[in-house]
Structure formats: C-alpha cells, structure tokens
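Trainee: Here it is, the structure in full.
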Amino acid sequence: MTAASAEDRLWDLLRGALGTRALALAADLGVADALADGPRAVADIAHELDADPDALHRLLRALAGEGVFAEVERGVFGNTDASELLRGGWGSLAHLFGGILFQATAALDASGRASFPRVFGADFWSWLAANPGERDAFDRAMEQGNEERVDLLAGLEWRGDETVVDVGGGNGSLLAGLLTRHPGLRGIVFDLPETRRDEASFGDRCSFVEGSFFERVPAGDVYVLSTVLHNWDDEAAARILRTIGVNAPRGARLILLDVVLPVAGEPHWAQWFDLLMLVSFAGRERDEAQWRALLAAGGFEPLRVQDGLIEARCR
C-alpha cells in the first residue's frame, strides 16, 4: 500500500469537519431508514424527508464517495453496510458528534478550558439535564461498543455472588448484559436522576439508585466505571475514586473500562478523543503512568493496567 502524501494527510484532516456534519445530517434526516427497502431516487427521498433534492443529492454523493451510501445510478442511492449502522446507535453517535460536540469543537482553543460551556452557557452535564431529548441521544450513543465491553467484563474472574455497582451506568445496558452472562450476580445502576432507563427491564437482580458520585455511591463488592473518568480532570477523577473508597469495603474490586494511551510517538485513535474530552469537559485520556498515579491518589492499588481494561483494589 502506497503511503499517503503529505498533502493527502493534511486534506483528510481539513475536510474532517464536513464529513462529521454530513453524517449527522444524514442520520438526523433518517436517510438510511428511508432506504431500508432498497435504492430510491434522491428526489423521492427528499420529498419524503422534506429536504432540498439538489442539496440532498450533493450530501449523499459525498458520503457515497466514502462508502457511506451508494449511488447505484445517477441520482439513485442505496444503503451500504456502513450506512445501515446509522439506523441504530451509530445514528445517535453521528447526531452527537455532528451536533453539540461539533459546535463546541469549533470553539476549541489552547487555553486548557472546556469550550462547551462557552458555547452553550452551561457545563455539559447540566445542559444535558435541561435537554432530555439530547440526554436520550447521548445515552444511546454511549451504548456503542457495549457488546465488546460486556464480553470483556464477563470474561473476568467472578466469585459469582457479588453485588456489582455500575457507577455512572447510564441507562443500565452494560450491567444488564453482564447480569445475563452471570446469573448469580446482582447489580446496581448508579447515575443522575435525569438518566432515562427502562427499570422494568432490569428484573429483580438489578436496581437503579440516583445520586452524584461526588457525594456518595451505593455499597457493593465490585465497582465498574465504563468510560467515566476520562470525562474529568485529575482532581475531579480522584474525588470520584475517593467517594467510592469511602463506601466500599476493604479489598473491593474496581474495574475501569477505559483507554490507556500508548507511549509517546505511537498513534492511537483516542488521541483525538482526548481533544474531544478537552472540548467537552476539560477531561482527558491517560497513559499507564497517569492511570497509576490517579488510582493511587484515589486510594486504590492498581492490579492491571492495559488498554481498555484497568483493575484495582480498594486499600
């Protein structure tokens, strides 16, 4: 494979914002759903979705050039394996990235402060609480990759009768998947009250407890935080860990499903996510040394630190 030229590398970065916004538009319009039964003329799709035919054609043509949708003949588009994903949780992810995060990213600077509050007049979580539709979309977007995370959790060694507390567990889908795989476990989903969830689907082995992880967390044997601590700077993240430690029995397990950045010079997709954390919350992704230092500051002894899975024990 021929290496991309310097010009191509820069061009891919420069046009990235257009791709992000185009995906969000296609997802919000529901184009992939409109093509569920097969290819259709763009004029018909535009009429159904109340869009300008020429603008929609140009949008879909650009996305088709990247394998998202396919122009099977001039002005006739169909789904591809990539655009089919927009009919599920990836559509919510596209909405998130191409909507509020897109606007906040445009205000990114080198001050070290999150740009989201400057753009929206409130911090990310307060803004979501005031906009329940966006909170729902956020929770759906965060479900992406859940199957892999459930596999990772379920593959760990379990005693079999533990109470697992999913701290910042959102709508509970991750914990529900784990409990399905391990029938002896019991679970508590702990998150802010505005989190939307279907508690009726939890069953009698799982419950929802509302609250702030800066103030308290329920007692349990194992604490799981899935892509939670990267939302916070080191001081706030250590406070979350100390709150867990106050409520956890000595020796309780802590399982973090989060990225571990590689050493300097090695490319990793999460280096871009690190910038997104800066934009949204002034949070950060961390390398192994930073994770170990954070765990120690929070009162936990690291047992394993690998990309995607961090295990520790309460001191």
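Trainee: Within segment 79-131, take every residue that is buried (at least 19 other Cβ atoms within 10 Å of the Cβ) and more than 17 Å from the chain's Cα centre (by Cα) and give me the one that is nearest to Ala24 (Cα to Cα).
Mentor: So the residue we want is Ser83.
Trainee: Now, a different point. Between a residue in segment 53-64 that is under 11 Å from Ala22 (Cβ atoms) and any residue that is of a type in the set (Phe, Trp, Tyr) and not in a helix (DSSP H, G or I), which pairs come within a Cβ distance under 6 Å, given they are 6 or more apart or on different chains?
Mentor: Partner pairs satisfying both residue conditions: Leu60/Phe69; Leu60/Phe77; Leu63/Phe69.
For (1) assigned to a loop (DSSP other than H, G, I, E, B); (2) at pLDDT 95 or above; (3) farther than 15 Å from His95 by Cα, each residue gets a yes or a no:
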| site | (1), (2), (3) |
| --- | --- |
| Asp12 | no, no, yes |
| Asp28 | no, yes, no |
| His57 | no, yes, yes |
| Ala62 | no, yes, yes |
| Ser83 | no, yes, no |
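Trainee: How many of the residues in segment 130-155 are small (Gly, Ala, Ser) and either touching a strand residue (DSSP E or B) at 6+ places or on another chain (Cβ under 8 Å) or within 21 Å of Leu185 (Cα to Cα) (or both)?
Mentor: So the answer is 2.
Trainee: Which members of segment 221-237 meet the condition of being under 21 Å from the mean Cα position of the chain (by Cα) and among the hydrophobic types (A, V, I, L, M, F, W, C)?
Mentor: Listed by number, the residues that qualify are Val224, Leu225, Val228, Leu229, Trp232, Ala236, Ala237.
Trainee: For segment 38-74, how many residues meet the condition of being among the small types (Gly, Ala, Ser) and loosely packed, with under 15 Cβ neighbours inside 10 Å?
Mentor: Number of matching residues: 5.
Table: residues versus (1) free of Cβ contacts under 8 Å to residues at least 24 places away in the same chain; (2) surrounded by fewer than 15 Cβ atoms within 10 Å (Cβ to Cβ); (3) farther than 26 Å from Val305 by Cβ.
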position	(1), (2), (3)
Ile188	no, no, no
Ala200	yes, yes, yes
Phe214	no, yes, no
Val224	no, no, no
Ile255	no, no, no
Gln271	yes, yes, no
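Trainee: Can you say whether Leu303 is out of contact with any helix residue (DSSP H, G or I) (no Cβ under 6 Å at 6 or more places or on another chain) and either of a type in the set (S, T, N, Q) or surrounded by fewer than 14 Cβ atoms within 10 Å (Cβ to Cβ) (or both), as far as the supplied structure shows?
Mentor: Against the criterion (out of contact with any helix residue (DSSP H, G or I) (no Cβ under 6 Å at 6 or more places or on another chain) and either of a type in the set (S, T, N, Q) or surrounded by fewer than 14 Cβ atoms within 10 Å (Cβ to Cβ) (or both)), Leu303 qualifies.
The values are calculated or read from the model by the stated rules, or taken from the named source; none is laboratory data. What you see is a predicted model; the values in this text were computed from it and never measured. Cβ sites come from the backbone with ideal geometry, for glycine too, and all protein chains shown count toward neighbours.
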